[in-house]
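Every number here is computed from the coordinates shown, using simple stated rules; none is lab data. All values derive from a computational prediction rather than experimental measurement. Virtual Cβ from ideal backbone geometry, glycine too; neighbours counted across all protein chains shown.
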Amino acid sequence: MSETVRVRFAPSPTGDLHLGNVRTALYNWLFARHMKGAFILRVEDTDKERSTPEHCENLMDIMTWLGLKWDEGPRVGGPHEPYLQSQRTELYEYHLVRLKERGLVYPCYCTEEELDLERKRQMGRGHMPKYGGKCKKLTPDEVKKLDADGKTSVLRFAVPPGEIVMQDEVRGEVTFPDDQLGDFVLTRSDKSPTYNFTVVVDDALMKVTHVIRGEDHLSNTPKQILLYEALGFTPPKWAHLSIIKGPDGQKLSKRHGETSVESYKAKGYLPDAFLNYLALLGWAPKSGEILSLDQMAAEFDLTHVGKSGAIFDPVKLHWMGSQYLVKMSLDDLTRAVLPYLADAQLFTREQARARFDWLKQVVDVVRTSMGCFSDVTKETFFFFSDELHFEPAQSEEMKGQKTLMEAFHKAFNGISEFNGDNFLQAVKEVGKIAGVKGKALYHPLRLALTGREDGPELVRIAPLLGKAEVLKRLMIWTVDDVKTIK
Ligand code: GLU
């Protein structure tokens with residue numbers, strides 16, 4: 001029987017989870033579900049300065065909101081507790097002793113300045129910087145003396161010679177040539193263990209079978225492979241995911257817009273839509289683009305994960321969001337957008353209680369333009385407020401439409417039942433009399449009523465605005481000096 005798959009997501013709680021983290025978490029989760037294995041959450045909080053309990057709680061809240069439940073980890077426990085690295089110090093110490101006993105580590109007393117100088121010299125000669133191994137040559141007596149003198153030291157792993165070849169599930173065979181890796185640090189001067197050491201101890205003890213993570217960790221993998229060997233553990237299978245890029249082809253960063261998942265939650269993206277979009281950043285499912293988490297899990301496999309970097313496209317995310325919003329019932333959608341309207345002070349909860357049916361119709365008119373709940377404010381603004389903003393060019397255009405606006409005003413005023421049909425009838429009659437049609441007829445009317453260049457059909461908007469409001473918005477453009485009124 002083949003071994004049960006065990007994967008982990010191992011975030012460092014040093015900030016908000018970003019899109020790349022969550023895509024990694026999602027692929028691990030999908031792989032675990034697909035293989036009927038276990039998904040572990042392990043918090044890598046050894047960086048004492050930058051890790052905070054708040055970030056740790058937040059990241060778990062976000063994972064929960066997304067529906068990426070973990071089988072083992074903080075909050076749920078499991079057979080390999082604790083799942084916070086800050087609580088696993090004794091385990092690291094134990095395995096460090098094993099490495100010491102085998103003579104595979106040595107103390108290094110080089111100062112930051114010395115290391116910096118060495119790095120600069122190497123780079124000046126066009127070489128890749130790496131530790132030259134000066135302290136490896138220290139005799140036991142010299143070490144004793146340096147310790148007695150109170151010199152601080154780190155512990156380095158003595159890298160054996162030879163190239164390292166690894167098999168990556170996404171990238172195929174990757175070779176790290178001999179002589180590129182310097183002896184790397186396992187514990188800092190305050191004795192705290194470094195990432196490369198703790199990750200190996202934990203992945204091995206937690207029996208992780210596949211390490212699926214971002215390609216930014218590819219260069220750490222040879223170090224980790226050596227530590228597996230040194231500790232007598234069997235290495236896992238590796239899968240390094242390409243980085244997510246912005247539309248300009250550069251690594252996705254703040255300057256491309258929001259990168260924290262928190263911000264997409266705040267905007268009101270549905271978690272399933274958000275995950276569906278992230279899943280496509282590097283994986284091409286065979287059965288189309290819109291898939292539930294269960295469908296994705298049924299189909300997911302690492303062989304269809306691409307090697308080249310995926311591009312994050314906010315327009316496509318918006319599209320994906322809209323695909324999920326249209327599936328919501330109108331009642332649910334209206335209730336969901338209400339907090340956003342209330343926050344934007346467009347419509348209070350009391351108003352919504354009194355006019356819920358009207359609000360539902362408003363939401364229905366704009367729902368296909370929305371990718372997330374917060375889009376409701378910009379899409380429906382003109383329903384709630386007559387403080388429409390006109391660009392100078394638009395004002396100029398409207399000032400030239402005085403006669404047409406007067407004609408609309410007169411025609412609409414004469415409608416007794418202000419519904420869509422009668423509105424449309426009146427618009428057509430005005431067009432006939434004025435001798436204008438198409439864009440020339442509808443565009444100025446749209447601008448006057450909504451302050452926008454485009455949007456849903458006016459025949460749906462006007463009845464919801466109501467006759468009095470429509471007349472008021474036309475009136476502004478029928479007087480001679482618009483400026484004094486506006
Ligand atoms: N804590 C590391 C990170 O957040 C984990 C890397 C790994 O998956 O090995 O980048």
Task: Amide hydrogen neighbours beyond the local backbone of R156, cut-off 5 Å, H modeled - done: Y106, C108, L186
Task: Linear extension gain, A158 paired with R119, 0.36 nm per residue minus alpha-carbon span - done: 12.2 nm
- [ ] Search the structure for amide H atoms under 5 Å from the amide H of K191, placed 1.01 Å from N in the peptide plane, and list their residues when 5 or more places away or on another chain.
- [x] none
- [ ] Search the structure for amide H atoms under 5 Å from the amide H of I244, placed 1.01 Å from N in the peptide plane, and list their residues when 5 or more places away or on another chain.
- [x] L252
Task: Net length gained if the chain between E49 and I311 were fully extended (0.36 nm per residue, minus Cα distance) - done: 91.1 nm
Task: Pairwise label distance in nanometres, D364 with S416, each label 7 Å out on the Cα-Cβ vector - done: 2.6
- [ ] Excluding F356 itself, calculate the net charge of residues whose Cβ lies under 15 Å from the Cβ of F356, where each Lys or Arg counts +1 and each Asp or Glu counts -1.
- [x] 0
Task: Separation in nanometres of the label points that stand 7 Å from Cα toward Cβ, at K100 and K437 - done: 9.2
Open item on the list: Once you place label points 7 Å from the Cα toward the Cβ at E391 and E299, how far apart are they in nm?
Closed with: 4.0
Open item on the list: With θ taken as phi - 60° and the coefficients 6.51, -1.76 and 1.60, list the Karplus ³J(HN,Hα) couplings across region 81-95 in order, rounded to whole Hz; mark glycine and proline as x.
Closed with: 4, x, 9, 9, 4, 4, 9, 10, 3, 4, 5, 5, 4, 4, 6
Open item on the list: Using the Karplus curve 6.51 cos²θ - 1.76 cosθ + 1.60 with θ = phi - 60°, what ³J(HN,Hα) values do you get for each residue of region 362-375, in whole Hz, with x for Gly and Pro?
Closed with: 4, 4, 4, 5, 9, 4, 6, 8, 9, x, 8, 4, 5, 4
Task: Per-pair calculated FRET efficiency, R0 = 41 Å: D71 and K151 via Cβ, rounded to 0.05 - done: 0.35
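With an 8 Å cut-off on Cα pairs and a minimum separation of 6 or more residues, tell me the relative contact order of region 409-462 in percent.
Here the relative contact order equals 34 percent.
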Open item on the list: Could you tell me the calculated FRET efficiency between R255 and D141, based on Cβ-Cβ distance and R0 = 45 angstrom, to the nearest 0.05?
Closed with: 0.25
TODO: Compute the FRET efficiency between M475 and W319 as 1/(1 + (r/R0)^6), taking r as their Cβ-Cβ distance and R0 = 60 Å, and round to the nearest 0.05.
DONE: 0.95
Task: Reachable lysines, given that their alpha-carbon falls under 25 Å from the alpha-carbon of K137 and they are not under 8 places away in the same chain - done: K100, K120, K145, K151, K191, K223
TODO: Under 13 Å from the Cβ of D179, count the other residues' Cβ atoms, weight Lys and Arg +1, Asp and Glu -1, and hand me the total.
DONE: -2
Open item on the list: Straight-line reach only, C-alpha to C-alpha below 18 angstrom: list the lysines that K402 could link to, leaving out same-chain residues fewer than 8 apart.
Closed with: K410, K428, K432, K437, K439, K472, K483, K486
Task: Radius 13 Å from Cβ of L96, net charge of other residues (Lys, Arg +1; Asp, Glu -1) - done: +4
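As an exercise, identify the GluC sites (Glu not before Pro) in region 411-486 lying in DSSP coil whose Cβ has no more than 12 other Cβ atoms within 10 Å.
E417, E453, E457
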Task: Estimated vicinal HN-Hα couplings, Hz - region 254-261 in sequence order (Karplus 6.51, -1.76, 1.60; Gly, Pro = x) - done: 3, 5, 8, x, 5, 10, 7, 5
Task: Relative contact order (%) - criterion: Cα under 8 Å, at least six apart; region: the chain - done: 12
- [ ] On a C-alpha basis, how far is the centre of region 1-32 from the centre of region 394-467 in Å? Whole number, if you could?
- [x] 55
TODO: Rounded, prolate or oblate: pick one for the chain, where a ≥ b ≥ c are the square roots of the eigenvalues of its C-alpha gyration tensor, a/c under 1.5 means rounded, and failing that, prolate if a/b is larger than b/c, else oblate.
DONE: prolate
TODO: Starting from the Cα-Cα distance between A468 and V326, subtract it from 0.36 nm times their residue separation and give me the gain in nm to one decimal.
DONE: 48.0 nm
